[in-house]
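Structure first, commentary second.
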Amino acid sequence: MKHLLEFTAERAWRYRQSLHDRTVAPTPEAVADLRRLDEPLPEAPTDPEAVIALLDDVGSPATMGSAGGRFFGFVVGSSLPAPLAANWLAGAWDQNAGIVVLSPIAAKLEAVAMRWMLGLLGLPPECGAGFVTCATQANFAGLAAARHALLARQGWDVETRGLFGAPPINVVVSEHVHVSVLKALALLGLGRERVIRAPVDGQGRIRSDALPRLDAGTILCLQAGDVNTGAFDPAAEIIPRAHAAGAWVHVDGAFGLWAAAAPARAQLINGFADADSWATDAHKWLNVPYDSGIVFVRDPRQLHAAMAVNAPYLVIGEAREPEHYTPDFSRRARGVEVWAALRSLGRQGLADLIERTCRHAARFAAGLRAAGYAILNDVVINQVLVSFGDAETTRRVIAAIQAEGTCWAGATVWQGRTAMRISVSSWATTDEDVERSLEAMIRVAAGAAVMRDFSPS
Ligand SMILES: *Cc1c(COP(=O)(O)O)cnc(C)c1O
């Protein structure tokens, strides 16, 4: 086993080094080569080293280079050194993090990481938390707590009786709500389309002057960091009104919530700490390996009521039993990497990571604007939307940038305009990565525009 792990570490290291020079997107040849995996299941055992060699030889070239410094697609972080290495050690531990007795260390690391995150994000110290796979699952868990709380107030135990015959719950979301919130609502029986959409402004912020009517049967979903613009809903204006009406406020802060950790950006999350539940990701801006999301709920009893499991062999003790706060029962010890990231960065290192990536985003915006392209959003954090002209031209430029390989960014449509979205979420991105990527974007965009001028149509 020792030799195998060393062999694997060497290959893993070579892979991460290769990201400096290879194309960010895998080549079409590398993707085609995946057909080598279409083999019958071997009858006899294979030497583990040969399995890893096959995985690396065929698999590594067919990865998207999103762990490197020049991937700006979707909102995707890399993995910092400490959490990546901690993830390996945790793999060796192979702990079931669901129950304290099965892993005292996993439970301890969750508790410590939870306390640190609440401090860094400026959330109430009394919050409960669940370590889930992603922000989608965190939205699900937070909204499950909301569903429980609103119905319990009306004397309805939704976990026991379900939603049949229950008092109605109205859900108010932003016109620009993230699809993961709608998916969570669907899973909860609250309905993807049975929502009231609040109008937004040009940055995608809910307009507090046009807020739909809220009451004690309402869940209001706010955004801290729009997935396109990075904009924040005006929480300080809206949340007091929502609470006066008796509504539950849930915040989708998949990446934006982390702006709180950088002193110069912290004013963006003013007021969000007054909400009732929050969903965030650790695999985005905190740069821990996949998969890792966290739900926070101000009153831990509401999350517990929605998620708790009961079986005669589960002794309920004094300890915080992890499985009572997540949809999962058996699961990996996600707190390990969150702890390792925070323990290695410290408050200052995290502030630097957030501030540095925001500065890189501002540099992209300035460089592209100087080259004559329109920036469609106020660049308040790490997100930039750039248009290269009409929709067709912009789509062609994006495809050409992706194929050229220096960097990778994807397409989006922002309030009717097709744009390229640049998200700088990786700790690994350097000034040099930004300049190289900017040069490639501008060169490729100029070339693609010329292509149009000479096209025969
Ligand atoms: C990424 C994102 C999500 C979903 O996160 P997953 O980790 O992919 O489930 C939800 N909301 C926002 C605002 C996001 O950016």
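The values are calculated or read from the model by the stated rules, or taken from the named source; none is laboratory data. Keep in mind that this is a model prediction, so the values were computed, not measured. Here the Cβ is made from the backbone with ideal geometry for all residues, glycine too, and neighbour counts use every protein chain on show.
General observations
- Any chance Ala85 is within 20 Å of Ala333 (Cα to Cα), buried (at least 20 other Cβ atoms within 10 Å of the Cβ) and at pLDDT 95 or above: no
- Hits in segment 361-379 (condition: among the hydrophobic types (A, V, I, L, M, F, W, C) and part of a loop (DSSP other than H, G, I, E, B)): Ala371, Leu376, Val379
For every residue, the table says whether it meets (1) touching a residue at least 40 places away in the same chain (Cβ under 8 Å); (2) part of a helix (DSSP H, G or I); (3) surrounded by fewer than 24 Cβ atoms within 10 Å (Cβ to Cβ).
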site	(1), (2), (3)
Asn310	no, no, yes
Val336	yes, yes, no
Arg359	no, yes, yes
Ile381	yes, no, no
Thr393	yes, yes, yes
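- Failed item in (1) touching a Phe, Trp or Tyr at 6+ places or on another chain (Cβ under 8 Å); (2) closer than 30 Å to Ala365 by Cα, with Val173 passing the rest: (1)
- Matching residues in segment 1-54 - criterion: being outside any helix (DSSP H, G or I) and either in contact (Cβ under 8 Å) with a residue 12 or more places away in the chain or surrounded by 10 or more Cβ atoms within 10 Å (Cβ to Cβ) (or both): Leu19, His20, Arg22, Thr23, Val24, Ala25, Pro26, Thr27
- Any hit, segment 125-138, residues being surrounded by fewer than 16 Cβ atoms within 10 Å (Cβ to Cβ) and in the same structural domain as Phe272 (by TED's automatic domain parsing): yes
- Looking only at segment 172-196, and only at residues there that are more than 16 Å from the ligand (Cβ to nearest atom) and outside any loop (DSSP other than H, G, I, E, B), the one that is surrounded by the fewest Cβ atoms within 10 Å (Cβ to Cβ): Ile196
- Residue within segment 239-254 that is part of a loop (DSSP other than H, G, I, E, B), away from the ligand (no atom under 11 Å from the Cβ) and of a type in the set (Lys, Arg) present: no
- Leading residue by the ranking (nearest to the ligand (Cβ to nearest atom)) among those in segment 139-159 that are surrounded by fewer than 20 Cβ atoms within 10 Å (Cβ to Cβ) and either in contact (Cβ under 8 Å) with a residue 60 or more places away in the chain or not assigned by TED's automatic domain parsing to the domain that holds Ala305 (or both): Glu159
Yes/no matrix, rows are residues, columns are (1) closer than 20 Å to Pro125 by Cβ; (2) β-branched (Val, Ile, Thr); (3) surrounded by fewer than 20 Cβ atoms within 10 Å (Cβ to Cβ); (4) without any contact (Cβ under 8 Å) to a residue 12 or more places away in the chain:
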| site | (1), (2), (3), (4) |
| --- | --- |
| Ile239 | yes, yes, no, no |
| His250 | yes, no, no, no |
| Trp258 | yes, no, no, no |
| Gln267 | no, no, yes, yes |
| Asn270 | yes, no, yes, no |
| Asp274 | yes, no, yes, no |
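- Subset of segment 268-304 that is polar (S, T, N, Q) and more than 30 Å from Gly217 (Cα to Cα) - its residue that is nearest to the ligand (Cβ to nearest atom): Ser292
- Single residue of segment 255-267 satisfying the filter (within 16 Å of the ligand (Cβ to nearest atom) and part of a helix (DSSP H, G or I)) that is farthest from the chain's Cα centre (by Cα): Ala260
- Of residues in segment 102-127 being without any contact (Cβ under 8 Å) to a residue 24 or more places away in the chain and touching a Gly at 6+ places or on another chain (Cβ under 9 Å), the one farthest from Asp276 (Cα to Cα): Lys108
- When Cys134 is tested against (1) farther than 26 Å from Val251 by Cβ; (2) within 16 Å of the ligand (Cβ to nearest atom); (3) of a type in the set (A, V, I, L, M, F, W, C), only condition (1) is not met.
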